[in-house]
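Here the structure comes first, spelled out in structure tokens, and everything after it is commentary.
The values are calculated or read from the model by the stated rules, or taken from the named source; none is laboratory data. For clarity, every value in this text was computed on a predicted model and none was experimentally measured. When we count neighbours, we look across all protein chains shown, and the Cβ atoms used for this are built from the backbone with ideal geometry, even at glycine. Calculation scope for accessible area: heavy atoms of the full protein, side chains included, ligands and nucleic acids excluded. Shrake-Rupley method; radii C 1.70, N 1.55, O 1.52, S 1.80 Å.
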Amino acid sequence: LTLGDISRLTKNNPDVSASSNKRNFSLLGDPAIKMRYPKLEVYTSHVNDKDILLEKDTVKSLQEVIVKGYVGDQDGGVIDGFNGFVYPTVYDKRVNIQTLNNDGGVDYDFNMFKNVIYKGKSSVVDGYFEFSFVVPFDINYNFGDGRISYYAVAGDEDGHGHTEDISIGGTLTGAELDDNGPQVSLFMNDSSFIYGGVTNESPLIFAKMFDSNG
């Protein structure tokens, strides 16, 4: 859809058209412009070796999770020539949020995926990818559906996608809490700096940090 079509359809939507507030919004610019949406889709195939089309897996606090998927076309076929990177973001369950009501009007309640429990990067080889992470200790322990969102890119091609076929909640039985802090190496300006070295007039702190569960 063009931006003009989006604006027109939104204002004519029955949920919006009855409100006079629709007059407060105008489209400034070329109504014929189209958004550059990714043309490819990113699919999740397995969570902890379970096919998500057959069984929804439940992941728990302190559990290591392995996610597999692929970059494909609109029909679900694998793009075997896609070699690049995928950027997954894993969200905890939806949370209810209320507007601040700064103007003294009516409070508005809505829900959204807000709390991120993992955000990373993984290679895509011949269309397929795999990544793993450890679920943090401080999640919402109630059981419910989470969400994995993706953005993938390889040269001039890109794709996006998501799945909510993943349940999150509880704590892994017998899991040990990791109380070891991250490994931190501090430098000035860059990693070639050695202790006692000379810096320029306005140096920057440069840090390298690593944590197997971070």
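A few notes on this one:
- Among the candidates Gly170, Gly146, residue that is in contact (Cβ under 8 Å) with a residue 12 or more places away in the chain and either touching a helix residue (DSSP H, G or I) at 6+ places or on another chain (Cβ under 6 Å) or within 23 Å of Tyr43 (Cα to Cα) (or both): Gly146
- Residue list for the range 171-196, restricted to those being aliphatic (A, V, I, L, M) and either closer than 22 Å to Lys119 by Cβ or open to solvent by 70 Å² or more (accessible area, probe 1.4 Å) (or both): Leu172, Ala175, Leu177, Val184, Leu186, Ile194
- Qualifying residue in the range 142-163 (condition: of a type in the set (Lys, Arg), more than 20 Å from the chain's Cα centre (by Cα) and part of a strand (DSSP E or B)): no
- Looking only at the range 7-21, residues that are aliphatic (A, V, I, L, M) and either open to solvent by 60 Å² or more (accessible area, probe 1.4 Å) or in a strand (DSSP E or B) (or both) come to 2 in all.
- Odd one out for Ile168 among (1) open to solvent by 20 Å² or more (accessible area, probe 1.4 Å); (2) at pLDDT 95 or above; (3) within 26 Å of Phe85 (Cβ to Cβ): (1)
Results for (1) free of Cβ contacts under 8 Å to residues at least 12 places away in the same chain; (2) of a type in the set (A, V, I, L, M); (3) more than 23 Å from Glu164 (Cβ to Cβ), shown as yes or no for each residue.
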position	(1), (2), (3)
Gly77	yes, no, no
Tyr91	no, no, no
Arg94	no, no, no
Gly105	yes, no, yes
Phe110	no, no, no
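- Residue match in the range 136-157 (condition: open to solvent by 70 Å² or more (accessible area, probe 1.4 Å) and within 14 Å of Gly72 (Cβ to Cβ)): yes
- Subset of the range 197-214 that is open to solvent by 60 Å² or more (accessible area, probe 1.4 Å) and charged (D, E, K, R) - its residue that is farthest from Thr44 (Cα to Cα): Glu201
- The strands (runs of 3 or more DSSP E) located wholly in the range 53-125 that include 3 or more residues which are within 15 Å of Gly146 (Cα to Cα) and open to solvent by 30 Å² or more (accessible area, probe 1.4 Å) occupy 116-119.
- Residues of the range 22-46 satisfying the condition of being in a loop (DSSP other than H, G, I, E, B) and loosely packed, with under 11 Cβ neighbours inside 10 Å: Phe25, Ser26, Leu28, Gly29, Asp30, Ala32, Met35, Arg36, Tyr37
- Hits in the range 185-214 - residues which are under 26 Å from the mean Cα position of the chain (by Cα) and not small (Gly, Ala, Ser): Lys208, Met209, Phe210, Asp211, Asn213
- Index of the failed condition, Leu62 passing every other in (1) within 25 Å of the chain's Cα centre (by Cα); (2) free of Cβ contacts under 8 Å to residues at least 40 places away in the same chain; (3) at positive phi: (2)
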